[in-house]
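The values are calculated or read from the model by the stated rules, or taken from the named source; none is laboratory data. Just so it is clear, the structure is predicted and the values come from calculations on it, not from any experiment. All Cβ positions, glycine included, derive from the backbone under ideal geometry; neighbour counts span all protein chains shown.
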Amino acid sequence: MDESYKEEELQSDDLNSESQGDNETENESESRVLEFFADSSEEEVPNITQYLISLYRLTKIDSELEEIEEVKGDLPEKIKNLEDEVKDIEYKISLNQIKEKELTVEEEELFEECKMTEERMDKYDEQKYNVRSNKEYDDIMKAIDSCFEIVEKNETRIKEIVIQKTKLETELEELNANDEELKKELEENRKSLDVLNKQFEKEELELKEKRNEIIKILGAEDKHLYEKLNRTYKGEATSIVRNGNCSGCFNSIPPQREIEIRTASKIFTCQSCGRILIDESLIKS
């Protein structure tokens, strides 16, 4: 009976031991699962959080670059407009010069034709005294009349050419004067801009290098969205959600959306102005 009791006790210990082992295995498995989700959570949130912070920093950089552009004022745009005006005037000058050359060539050809026609007229005039019949005389007179018409037509055209060339010369003088004036103004503006560029050269270079570093980490879609907003808002592509409002347009954010923005699970934009929204707590951390 003692031996039977001992066997039962051993079997009970074995069962308890197996049960304890199973529990430990389950606990270890559960621990690993919890650890996996904990790690996943810790990895996911900081990634998008840092992503949003990077967008915020990018906005600050673009804001500083925009301030530099404001110091430069309208000089870059003014220079571009002047360059376009100079190109336009020089194109007109070129066209007028080509037209003037064409008229000169035509004028010379007409003069040459008139000269040759007058020489023929002189020959016809001599021949009319040696004719043998009225028909020959009439034919010579018709040829002389025809020569007169050619000369008269050419002389009329030559007068028109002279008027056109005079007009072109006047226009060319005005265009050249305007061209010189614009080039002088353009050179002065370029010098002024060069001074400002040198003043901010180092700062701009550093800001652009930082900007490029951040831009590299953005996805194609997010980069497109940001650049589009930055072209519109110039250094204010992102907006802080503060006290339930968008700091860009000051419109209120729906409470549920505000909670979602705070989780930093993905990029949200303002439903009113379209700016990328970042919760205030992210930039304070």
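Of the residues Lys216, Lys266, which is surrounded by fewer than 16 Cβ atoms within 10 Å (Cβ to Cβ) and in a helix (DSSP H, G or I)?
Working: Lys266 fails: in a helix (DSSP H, G or I).
None of the others qualify; the one that does is Lys216.
What are the residues in the stretch 241-253 that are buried (at least 19 other Cβ atoms within 10 Å of the Cβ) and assigned to a strand (DSSP E or B), if any? Break it down stepwise before answering.
First, the residues of the stretch 241-253 that are buried (at least 19 other Cβ atoms within 10 Å of the Cβ): 241, 246, 248, 253.
The answer is Val241, Cys246.
Going through Met116, Met121 one at a time, which residue ends up being at pLDDT below 95, of a type in the set (A, V, I, L, M) and either assigned by TED's automatic domain parsing to the domain that holds Ala177 or over 46 Å from the mean Cα position of the chain (by Cα) (or both)? Talk me through it step by step, then tell me what you get.
Working: Met116 fails: at pLDDT below 95.
The unique qualifying residue is Met121.
Return yes when Arg275 is out of contact with any Cys (no Cβ under 9 Å at 6 or more places or on another chain), among the charged types (D, E, K, R) and under 19 Å from Asp62 (Cα atoms) and no when it is not.
Details: out of contact with any Cys (no Cβ under 9 Å at 6 or more places or on another chain): no; among the charged types (D, E, K, R): yes; under 19 Å from Asp62 (Cα atoms): yes.
Considered against the rule, which asks whether it is out of contact with any Cys (no Cβ under 9 Å at 6 or more places or on another chain), among the charged types (D, E, K, R) and under 19 Å from Asp62 (Cα atoms), Arg275 comes out as no.
The rows are residues; the columns are (1) touching a residue at least 24 places away in the same chain (Cβ under 8 Å); (2) within 20 Å of Lys72 (Cα to Cα).
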{"site": "Cys147", "(1), (2)": "yes, no"}
{"site": "Lys153", "(1), (2)": "no, no"}
{"site": "Arg157", "(1), (2)": "yes, no"}
{"site": "Glu173", "(1), (2)": "no, no"}
{"site": "Asp179", "(1), (2)": "yes, no"}
{"site": "Lys184", "(1), (2)": "no, yes"}
{"site": "Arg190", "(1), (2)": "yes, yes"}
{"site": "Val195", "(1), (2)": "no, yes"}
{"site": "Gln199", "(1), (2)": "no, yes"}
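Okay, residues lined up against (1) of a type in the set (Asp, Glu); (2) in contact with a helix residue (DSSP H, G or I) (Cβ under 9 Å, 6 or more places away or on another chain); (3) part of a helix (DSSP H, G or I):
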| position | (1), (2), (3) |
| --- | --- |
| Leu82 | no, yes, yes |
| Glu113 | yes, yes, yes |
| Met141 | no, yes, yes |
| Asp145 | yes, no, yes |
| Ile150 | no, yes, yes |
| Lys167 | no, no, yes |
| Asn176 | no, yes, yes |
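Of all residues in the stretch 86-113, which are aromatic (Phe, Trp, Tyr) and either within 23 Å of Glu181 (Cβ to Cβ) or outside the structural domain of Glu169 (by TED's automatic domain parsing) (or both)? Write out each step before concluding.
Start the filter on the stretch 86-113 by keeping residues that are aromatic (Phe, Trp, Tyr), which leaves 91, 111.
Once the filter is applied, which keeps residues that are aromatic (Phe, Trp, Tyr) and either within 23 Å of Glu181 (Cβ to Cβ) or outside the structural domain of Glu169 (by TED's automatic domain parsing) (or both), the stretch 86-113 yields only Tyr91.
Among Ile98, Ile68, Ile89, which is at pLDDT 95 or above, surrounded by 12 or more Cβ atoms within 10 Å (Cβ to Cβ) and either out of contact with any Asp or Glu (no Cβ under 8 Å at 6 or more places or on another chain) or of a type in the set (A, V, I, L, M) (or both)? Give the derivation first.
Numbers: Ile98 fails: surrounded by 12 or more Cβ atoms within 10 Å (Cβ to Cβ); Ile68 fails: at pLDDT 95 or above.
Criteria check complete, one pass: Ile89.
Any idea how many residues of the stretch 71-102 are among the charged types (D, E, K, R) and in contact with a Lys or Arg (Cβ under 8 Å, 6 or more places away or on another chain)?
Of the residues in the stretch 71-102, the ones among the charged types (D, E, K, R) are 72, 74, 77-78, 80, 83-85, 87-88, 90, 92, 99-102.
Adding the requirement that they be in contact with a Lys or Arg (Cβ under 8 Å, 6 or more places away or on another chain) leaves 100.
Of the residues in that region, 1 qualify.
What's the number of the only condition in (1) under 23 Å from Lys72 (Cβ atoms); (2) under 21 Å from the mean Cα position of the chain (by Cα) that Asp222 fails to meet?
Just one mismatch for Asp222, condition (1).
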